[in-house]
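What follows is calculated from the coordinates using simple rules that are stated; it is not laboratory data. Quick caveat, the model's predicted, so the values are computed rather than measured. When we count neighbours, we look across all protein chains shown, and the Cβ atoms used for this are built from the backbone with ideal geometry, even at glycine.
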């Protein structure tokens, strides 16, 4: 009986490892292929039988990307838009989430449900009215318009997450601050934010990624290369039916670095922050 149990446990362990390995390969292979393609010479890349490993590596695609294209401009525009979109969204979402979880006022539940519905609303539904609004306020073909428009989907997401995090913080800690003479703003800054710092780091990471990866609004609201973001720049390495795969893959690798670096820096907050949102007092 014990031997059969040991055999069953070994089989289960083997199956788990095989499934995990298959999932890992499935997830990592597109990333590997992107990096590999960015280092593969054109003559070999467009061959009939592509290889898992190129016969030789080349940096000619990166050299062409940085010397013969305006990719740097697209990249810097994305950094500008993503950073400021994240900052604005965090400030407004923290204040809104605190109000909806700690303050009592009329229509609070209605507003909370509205935030959830706004979070679930597809962004593609709004790009026509957003285009009209941005045109009327004189921000057409301006990257600053993206900072405004991105709040329509970043703030609902941030509020949805932060409300769960703030609800998990015991009210007794905040009440102790009130006894010491703190106002709501002081309690938020001195009590809530330090405790919720890991959760805020998680929300900021996802907010930055959402801004960085956004394509539809950037395509509709910006037309000149001086205002367009990196997602539009990457899609521009295509002429009619011809795809310049070396530039596409090289630019994709470079465009992936900010989000990857941010996730690596915030990694120690990720588990703590995500776990905190699933606990309610």
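Label zone (residue 235, point 7 Å along Cα-to-C-beta; backbone nitrogen cut-off 16 Å) within the range 192-218: 211-218.
For the range 184-255, what percent of Cα pairs sit more than 18 Å apart? If you can, show how the numbers build up before the last one.
On the way: 1506 of 2556 pairs.
Value for the range 184-255: 59 percent of Cα pairs lie more than 18 Å apart.
Simple spin-label estimate for residue 80 and residue 125 gives 3.2 nm between the two label positions (7 Å along the Cα-to-Cβ direction from each Cα). Extension gain, residue 107-residue 193: 0.36 nm per intervening residue step, less the Cα-Cα distance, totals 28.4 nm.
Put a dot 7 Å past the Cα of residue 179, heading toward its Cβ, do the same for residue 64, and the two dots end up 7.0 nm apart.
Normalised by the number of residues in the chain, what is the relative contact order in percent for Cα pairs under 8 Å and 6+ residues apart? Write down the numbers at each step before the final one.
On the way: 278 pairs, mean separation 84.9, N = 281.
Reported as a whole number, the value is 30 percent.
Please work out the FRET efficiency for the pair residue 21 and residue 267, using the Cβ-Cβ distance as r and a Förster radius of 22 Å; give the result to the nearest 0.05. The value I calculate is 0.50.
From least to most packed, judged by other beta carbons within 10 angstrom and beginning with the fewest, 6, 104 follow the order 104, 6.
Distance from the Cα centroid of the range 210-266 to that of the range 158-206 is 35 Å (rounded to whole angstrom).
Considering all projection directions equally, how large on average is the shadow of the alpha-carbon convex hull of the range 2-58, in square nanometres?
So the mean shadow area of the Cα hull is 5.4 nm².
Rounded to the nearest 0.05, what FRET efficiency do residue 32 and residue 10 have when you use their Cβ-Cβ distance and R0 = 30 Å?
Values: r = 31 Å, r/R0 = 1.02.
Using R0 = 30 Å, I get an efficiency of 0.45.
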